[in-house]
Structure formats: C-alpha cells, structure tokens
Amino acid sequence: MFKEDFTIQNIFHIFGPAYILKHKLSKEQWQVYNSIMKCKTKELGFHTITCDDCGEKKSGFNSCRNRHCPNCQFYAREKWIYNESSYLLDCPYFHIVTTVPSELKEIALYNQKAFYNILLKANSEAILELASDPKWLGAKVGITSILHTWGQTLEFHPHVHSIVTGGGLKNNKWISGNDKYLFKVKVLSSLFRGKVLAMLKHEKLVFPPHLSYLKNFKQLNKFLKPLYKKEWISYIEPPKGRAENVVEYIGRYAFRVAISNQRIKNITDSDITFEYKDYKDNSKIKEMTISGEEFIRRFLMHVLPKRFTKIKHYGLLSNRNKKAIVKFCRLLIGQAVFSDFTTNVNNKLYEFKCSKCNCTSFSYKRYQDLKDLLCRLK
C-alpha cells in the first residue's frame, strides 16, 4: 500500500463495513463516518476554479467540510485565525491546560455534552476568579478555551486548553501583569477541581449499568469524595513569542482532529500503525500498532455532540460587546492594529494559485453532480 493511502478515509473503507456490523453508532458518529467516506469523491459532487486573468481552469471533487475530517480543517482554521486576529491585544498570553482524573472518564463518556460544558465553565470561572483576585492580577482577563477529548494514543482524555491575556481591565484601567507569571498552578488546579465536582453533583447524569448505584445522591457524594484529595494535573505555560503568534498558536489547537493522516505510518489487513508522542518518556516519538476495529472505536469516541461549541470565549473576549471592549483595551494599552499580520493571514485563505500566471484572483463554482452542471449550462 502506498503512503498516500494511509488515511482515515482508507481505514474506514477497509475496516468500516465489519466495524458497523458489530458496533452501534450514534447519529453523530454515523454522520462523521459517512462524511469522511465520501469526502473528495464523486458522491459529493465537484467544483471548478477559473483564473480571472488568463482563464485557466482546475476542477476537483468537493470536500465534506466535517469538523472531524482531517482533510477539511485547513481552510476553516485559516479563516478562524483571520477573524480572531482582529481581537488581539498587545500583551503577553499564557497557555493553560486543565484535566480531569481517570475516575471521571466513564461518566464523561455517558454524559458528553453536559460534562464538556461543565469542564469549560469550571475552567473559565476558576481562571477569572483567580485573575480578579488582587493577590494575583486583580483584573478581568480575556480567555479563549478549546476542548480536546483525546490523548496521543487516541484514548479518551478530556481536557481544556486556554489562552489567557497576561493583563486585564479594572475600573476602566488596563492592569499589566508579570510577563512570566500569572498565578500558582496548584491554586488553579484546586479551584478547578472543586468547581467541577460541585457542578457534577447538581447535574442530571446518566450512568452505565455497573455505576447505576450513583443515581443515589449519597452514593454519588461518596464516590466523588476521594477526588477532592487527588491531585488534578494542570499546567500553565508562560508566554512565547510575540502577541501576533498567539492566534496562530490557538488555531493549531482549535482545529486539530483526534489524529492527522500524517501520523498514520502503516495499514495492513488487520492492523494500523501510527506514531505518537510519549510525554512520560521525554516526549519521544514512538509507534503503536492496534487492530483496525480498535482504531475506529478510538477515533469515533471523540466525535462531539451535535451543535456543541468546542471553542468558547470568556471575560474580555466574551461575545457580548467583544468588539467595543477590545477597542477600549487597545486605547488603554496604546496599541496599533495588527494590520500587517491580518493581511498575511488573509493571503493564506486562497486555495488556488494559477499555475500559468500565478494569479490568486479566481472564480469558484460548486456543483452537486454532473446533472447540476448540465442544468446550469442550459
């Protein structure tokens, strides 16, 4: 098998029919499965790109545009980066990661939408509460949070990545923080832990059969009690590079799928081999081989609930009055708009560059099938 055949789509074609006979898929998983199977094939129709200068034409099959498809993330990512670049502030940005212990993972799988919302809410509340404390920064910060549900080996590992401004707004004044320090990571971990566990107690949860006894509030409280004493892993990474690099950094996290095609190293009649980074062993690159059935199970486990928003903004960057607040903060900071950076990102949005005249001005037409094209020609 050629290296170009090492894709999620190819894995679905080889192992998918047998998998769906043995496993029940949710509506969301069926949609992702079918979308990836049809991506850039004649079943989704085709498109034509015509150079406005010399008339050169190129055609190709339509993509599925599913957010879980590894083939369809580039344009969505660059468009998001372009839009978000207009909200950049000239200040340091911290990268924060919050995770939950393994004891909660099964409950998370049975209550995905509710559990993911709890993670994002607890994470943002903990960061905003600590940042507003005069002991640390004493101001309202801006947060962009992204939910991830996977680890390097595709196992279920729900966690939140957050990019936080290293300064904030208080009493109509901009408060600048320490460029290398935001607040203590252990304090954040403890506060996040308390908020998640408290929210779980007030949520109507669904439990697997062997955990059905947790429907009783006393039993649930007893189950969660040891988790208050357990250390929840959190991480705060100090700012790296210029503020202009932050939005691209976020974009890489925001539009990742569980595994990219590049990480798939081999496909046999029964197994899949892929590479992963072993963080417990100095981040060494290693390879793992699992069965095709297990690979599909792990991949589909990370399909998000329908209409679930995995990227959310809080604090200064919350959607309400976001533009006005950012403009006000820029005036206080004395910041110029990143016009050059915005232009550079905008140039990446072009998917076509004419091979004859190198022009990037083109006309794009999308057709559902050949009949659609013939009807338009008439």
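Somewhere in segment 356-363, is a residue at pLDDT below 90, in a loop (DSSP other than H, G, I, E, B), among the hydrophobic types (A, V, I, L, M, F, W, C) and farther than 19 Å from GLU84 by Cβ? There is at least one residue in segment 356-363 that is at pLDDT below 90, in a loop (DSSP other than H, G, I, E, B), among the hydrophobic types (A, V, I, L, M, F, W, C) and farther than 19 Å from GLU84 by Cβ.
Matching residues to (1) part of a helix (DSSP H, G or I); (2) over 22 Å from ILE259 (Cβ atoms):
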| residue | (1), (2) |
| --- | --- |
| ASN10 | yes, no |
| GLU28 | yes, no |
| MET37 | yes, no |
| THR50 | no, yes |
| SER59 | no, yes |
| CYS64 | no, no |
| CYS69 | no, no |
| TYR82 | yes, yes |
| ASP90 | no, yes |
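Of all residues in segment 49-68, exactly one satisfies the criterion of being surrounded by fewer than 19 Cβ atoms within 10 Å (Cβ to Cβ), at pLDDT 85 or above and either at positive phi or of a type in the set (A, V, I, L, M, F, W, C) (or both), namely ARG65. Can you tell me which residue within segment 254-290, out of those that are part of a loop (DSSP other than H, G, I, E, B) and aliphatic (A, V, I, L, M), is farthest from the chain's Cα centre (by Cα)? So, considering only residues that are part of a loop (DSSP other than H, G, I, E, B) and aliphatic (A, V, I, L, M), the one farthest from the chain's Cα centre (by Cα) is ILE259. Going by the structure shown, is ARG252 outside the structural domain of GLN112 (by TED's automatic domain parsing) and either free of Cβ contacts under 8 Å to residues at least 24 places away in the same chain or not acidic (Asp, Glu) (or both)? Yes: the conditions hold for ARG252.
When the residues of segment 230-252 are filtered to those that are of a type in the set (D, E, K, R) and assigned to a loop (DSSP other than H, G, I, E, B), which remaining residue is farthest from ASN178 (Cα to Cα)? Outline the logic, then answer.
As a first pass, look at segment 230-252 and keep what is of a type in the set (D, E, K, R): 230-231, 237, 240, 242, 244, 248, 252.
Next, from what is left, pick out any that are assigned to a loop (DSSP other than H, G, I, E, B): 230-231, 240, 242.
Values: LYS230: 30, GLU231: 26, LYS240: 14, ARG242: 15 Å.
Within segment 230-252, the match that is farthest from ASN178 (Cα to Cα) is LYS230.
Each residue in segment 102-129 was checked for being under 11 Å from PRO158 (Cα atoms) and among the basic types (Lys, Arg), and 1 pass. Say whether the condition of being of a type in the set (Gly, Ala, Ser), part of a helix (DSSP H, G or I) and either surrounded by 15 or more Cβ atoms within 10 Å (Cβ to Cβ) or touching a Ser or Thr at 6+ places or on another chain (Cβ under 8 Å) (or both) is met by at least one residue in segment 109-118. Yes, there is a match, as at least one residue in segment 109-118 is of a type in the set (Gly, Ala, Ser), part of a helix (DSSP H, G or I) and either surrounded by 15 or more Cβ atoms within 10 Å (Cβ to Cβ) or touching a Ser or Thr at 6+ places or on another chain (Cβ under 8 Å) (or both).
The values are calculated or read from the model by the stated rules, or taken from the named source; none is laboratory data. Here the structure is a predicted model, which means the values were calculated and not measured. Cβ coordinates were reconstructed from backbone atoms using ideal geometry, including for glycine residues, and neighbour counts include every protein chain displayed.
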